[in-house]
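*Asks:* Below: one structure in structure tokens.
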Amino acid sequence: MAIDRIAQLRDCGVFRDFAWPRDLPDMARFNLIYGWNGTGKTTISRILRNLEHQETPASGDIRIQLNNEAIEGSEFPESSTPIRVFNRDFMNDSVFSIENSEVPAIFVFGTESVEIQERVERLKADVSRARIFLQTQQTKKQGAEKALDSYSIARGRDIKNLLRSTESSRYNNYNKSDYRRRSDAMKVAGDRTAHLLDSESRKSLLSQHTSNPRDEIAELIYRFPSLDSLAEEVSSLLSSTVRSELIHSLKDDPELSEWVRKGLDIYQHRDGELCLFCEQEMPLDRLTSLRKHFNDQYELLLRRLNTQLEEVRRIHTQAESVKIPVAAELYDHLAIDYSNAADAFTLSLQRTMEYLISVKEALVHKSTHVFEALTMTVSAPAVGKNTVDRLNRVIQKHNDVSATHQARVGSARETLEADIVASGLKEYEGYTDQIQKLEDSVRQTLETVEDIETEISELEHEIVQHRRPAEDLNNDLHRYLGHNQLQVEVKETGYVITRNRIPAQALSEGETTAIALLYFLRSLDDHRFDLPNGIVVLDDPVSSLDANSLYQAFGLIHSRTADSGQLLILTHNFTLFRLVRNWFHHMKGQNARDIHKKPARFYMLDCSWDGFDRNSRIKALDPMLEEYESEYQYLFACIHRAVTAPASKLEDNYVFPNMARRLLESFLAFRYPNVGGGLWQKMNEVAFDETRKIRILRFVDTYSHADAIDGPEHDLSLLSESRPVLIDLLALIRAVDEAHFLAMLESVKAPDADTGGQ
């Protein structure tokens, strides 16, 4: 049994409307989920604890997929999933359930009494005989299954050879499984005779099966230009004239005018005093006259004419490139309709291109007669713009016939398949009936074995004692804490936690966590839980533990859960995250290219502000978290990436105040280890612009605390300050320790942009 995915969490804590993303790989045997406090780890562990205790979750729309089967939250009471969950609720409900002093017993097998043991031995002999008979029946059943398998392979091959085709078809890969599914369905339906065909029907269907449809034809994609609009634009240009002090010799000679205009342009760009043609000094009055003749209006009109001319050429080229299907590609009964539609379209296209040629000629002529008002002598033709739709309607009819043809061929093949299955169904039923009888015998024998084993279990339960699990737990505590002050003692109802042989009072949070975790890990050995086939969930198992205890805890987690059927570890502690991450990375097969073959998966919880409330989601672990060995590097990389990336939406900035605070606290703790107090006290030691320091402190204090945001000082529009404040933060780090800052840039492989360099 394994959890494939947490398919849906709606209105569950910070999960407002979460659905497992399609591109997010399903959970594997080993899973690590990283998320800061407040991102939903507790919500997930409580839902899984509801599943463990077969309880309906208190609220929300919940769906979990287990072994490809979806289970709604309302169905948890009917589920018997083998799962054990460690979280704060486990500590409160299980470890200290009786006045904070006792825990339930962990039952294992102890020393048996002689009388009961003799009875157990006799029952074990009975089980041995039953298992020998069971093995015999299973061998016969395997033989019958092999015979059925051979028969199904042969019949499946017959259907494949008969119904395969050159196009894509399920019959091209038809096999024994397909044959068995169809035979089983017909057997259940009891309609064998309805599928048997006579020879003529079979012959007709075989002919239809081998027929070839014509290929579908792509529809024409073309839109006629608006010739009326084009005519208006061109007429406006043709009627436009240029006002200037004319040089009539140039006005009346377009060829000479263009030559002089180009020469004047070259002369002015070279700032010369001599005529480039005759190498004589250019008369000033002649130069002035030319400039007045070829004035700005002249140049502007020429540019407008050239622009319009290029557009007309583009439209004409597009029209020339249009190709329509050949009539022979269509079914014969559509030939007349298609020819009529094609002729109408071709005529409209020809008229369009002829008019475009006339427009091009008029524009070219106008470019040499800019001082004259001209008119367009050719009118825009009437073009049947609906001819494209008319042509495509005929093509659509052709494609519909092709699609229907495929359906008819598919129906013929299915009917032929059913005929073959029906003809051999009686022989198939002979094999399956024999297998069913042997399965019944195997099942009855298994029930006999289970009944005997249940009786053995009940007898052994009578001689169960608590001493061994208590001693194991005390040994764990000794190794974990390094002393024997804390002990568990056996009582009639379970265990009592003592300190120096006296019932313990006022346990520290670290001691509470240690005892709870050790008890939980030891409880995985309980015979009532099948660890190799069970699911183990650990939610922040190292909360409140010091560094030494944390490594001890990881060692126990590693050794006690490595054989679990599935393991989920949720944590916000980066040290534990790193230890588990390295453990998973070094597993056999984790380097496989195919992610589905990897034994471990990595996820993270991302909580963002959607404009109304916090909303959390499960996503793939950020690659930076897999790459960096410290949370400090990860925070530095995230903030540096944020200030170098393009501007984001306002709600995307919601995570940065917490990131900024954690980065700043880590940096100042490293730089000023002897300065007590909070951020304000440590910031007083920093030599940096006071205004920018205050802005940084205001930003991290305003947004990085409460789950709810209220009051005018928490105006979310101020989150727009995120980018400049983060730039200030990087600048502060650089100002205090530039060598460290540059080393961090190198470690995250990020370019030193204008962030923090001010």
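*Asks:* Counting only protein chains, not ligands or nucleic acids, how are R314, R390 ordered by accessible area (probe 1.4 Å), most first?
*Replies:* R314, R390
*Asks:* How far apart, in nm, are two points set 7 Å out from the Cα along the Cα-to-Cβ line at D689 and at T575?
*Replies:* Distance between label points: 3.8 nm.
*Asks:* Could you go through the range 413-425 in sequence order and give the Karplus-derived ³J(HN,Hα) for each residue, using 6.51 cos²θ - 1.76 cosθ + 1.60 with θ = phi - 60°, rounded to whole Hz, and x for Gly and Pro?
*Replies:* Rounded to whole hertz, the list is 5, 5, 5, 5, 4, 4, 5, 5, 4, 5, 5, x, 5.
*Asks:* Please work out the FRET efficiency for the pair A739 and I595, using the Cβ-Cβ distance as r and a Förster radius of 60 Å; give the result to the nearest 0.05.
*Replies:* That gives a FRET efficiency of 0.90.
*Asks:* Ok, one more. Take V364 and D530, extend 7 Å from each Cα along the Cα→Cβ direction, and tell me the distance between the two endpoints in nm.
*Replies:* The two pseudo-label positions are separated by 8.8 nm.
*Asks:* So if R0 is 30 Å, what FRET efficiency would R170 and K203 give, r being the distance between their Cβ atoms, rounded to the nearest 0.05?
*Replies:* It comes to 0.85.
*Asks:* Another question, if that's okay. Compute the distance in nm between two label points, each set 7 Å from the Cα along the Cα-to-Cβ direction, one at D184 and one at E665.
*Replies:* That separation, rounded to one decimal, is 5.8 nm.
*Asks:* Could you calculate the contour length gain from D343 to N37, that is, 0.36 nm times the residue separation minus the distance between their Cα atoms, to one decimal place in nm?
*Replies:* Roughly 102.9 nm would be gained on extension.
*Asks:* I've got another one for you. Tell me the net charge near L679. Cut-off is 12 Å between Cβ atoms, L679 excluded, with +1 for each Lys or Arg and -1 for each Asp or Glu.
*Replies:* Counting the neighbours of L679, the net charge comes to +2.
*Asks:* Now a separate question. Mind pulling the per residue volume of the convex hull built on the Cα atoms of the range 1-69? Å³ is fine.
*Replies:* 102
*Asks:* Ignoring everything but the protein chains, give the 1.4 Å probe accessible area of E200 in square angstrom, nearest 10.
*Replies:* 130
*Asks:* Further question on the same structure: What size of dipole, in debye to the nearest 20, comes out for the range 511-609 about its Cα centre when the only charges are +1 on Lys and Arg C-beta atoms and -1 on Asp and Glu C-beta atoms?
*Replies:* 520
*Asks:* For the range 57-82, list residues with backbone N below 15 Å from a point placed 7 Å from the Cα of A19 toward its Cβ?
*Replies:* 61-65
*Asks:* List the residues whose amide H sits under 5 Å from the amide H of R601, counting only those 5 or more places along or on another chain, with H placed 1.01 Å from N in the peptide plane.
*Replies:* Answer set, sorted by chain and number: A28, F30, N31, L32.
*Asks:* Give the accessible area for I395 in Å² (nearest 10); use a 1.4 Å probe, count only protein heavy atoms, and leave out ligands, DNA and RNA.
*Replies:* 0
*Asks:* Volume per residue, Å³, of the convex hull around the alpha-carbon atoms of the range 473-610?
*Replies:* Each residue corresponds to 165 Å³ of Cα convex hull volume.
*Asks:* Let me ask something additional. Identify the residues of the range 540-567 with backbone N under 20 Å of a label point that sits 7 angstrom from the Cα of H586 along the Cα-to-Cβ direction, or state none.
*Replies:* 548-564, 567
*Asks:* Residue by residue through the range 324-329, what is 3J(HN,Hα) from phi via Karplus (6.51 cos²θ - 1.76 cosθ + 1.60, θ = phi - 60°)? Round to whole Hz and write x for glycine and proline.
*Replies:* Ordered by residue, 3J(HN,Hα) equals 10, x, 6, 4, 5, 6 Hz.
*Asks:* Output wanted: per-residue J couplings in Hz (rounded whole) for the range 389-400, from phi through Karplus 6.51 cos²θ - 1.76 cosθ + 1.60, θ = phi - 60°, x for Gly and Pro.
*Replies:* Taking θ as phi minus 60°, the curve returns 4, 4, 5, 5, 5, 5, 4, 4, 4, 4, 5, 5 Hz for the range 389-400.
*Asks:* For the range 361-454, how big is Rg over Rh, using alpha carbon atoms and the Kirkwood form of Rh?
*Replies:* Here the Rg-to-Rh quotient is 1.73.
*Asks:* May I have the count of lysine pairs in the range 291-417 with C-alpha atoms under 29 Å apart, counting pairs 8 or more residues apart or located on different chains?
*Replies:* 7
*Asks:* Once the whole set of protein chains is in place, how much accessible area is left on R413, using a 1.4 Å probe, in Å² to the nearest 10?
*Replies:* For R413, the solvent-accessible surface is approximately 10 Å².
*Asks:* Something else: Quick check on the range 146-211: what are the equivalent-ellipsoid semi-axes from the Cα gyration tensor, as sqrt(5λ), descending, whole Å?
*Replies:* Taking √(5λ) for each Cα gyration eigenvalue gives 21, 18, 10 Å.
*Asks:* Given R₀ = 60 Å, what would the calculated FRET efficiency be for T193 paired with S457, taking r from the Cβ atoms and rounding to 0.05?
*Replies:* My answer for the efficiency is 0.70.
The values are calculated or read from the model by the stated rules, or taken from the named source; none is laboratory data. Remember, predicted model here, so these are calculated numbers, not experimental data. Don't worry about glycine lacking a Cβ; one is built from the backbone with ideal geometry, like all the others, and counts go over all protein chains shown. Note: areas computed on protein heavy atoms with side chains; ligands, DNA, RNA excluded. Shrake-Rupley method; radii C 1.70, N 1.55, O 1.52, S 1.80 Å.
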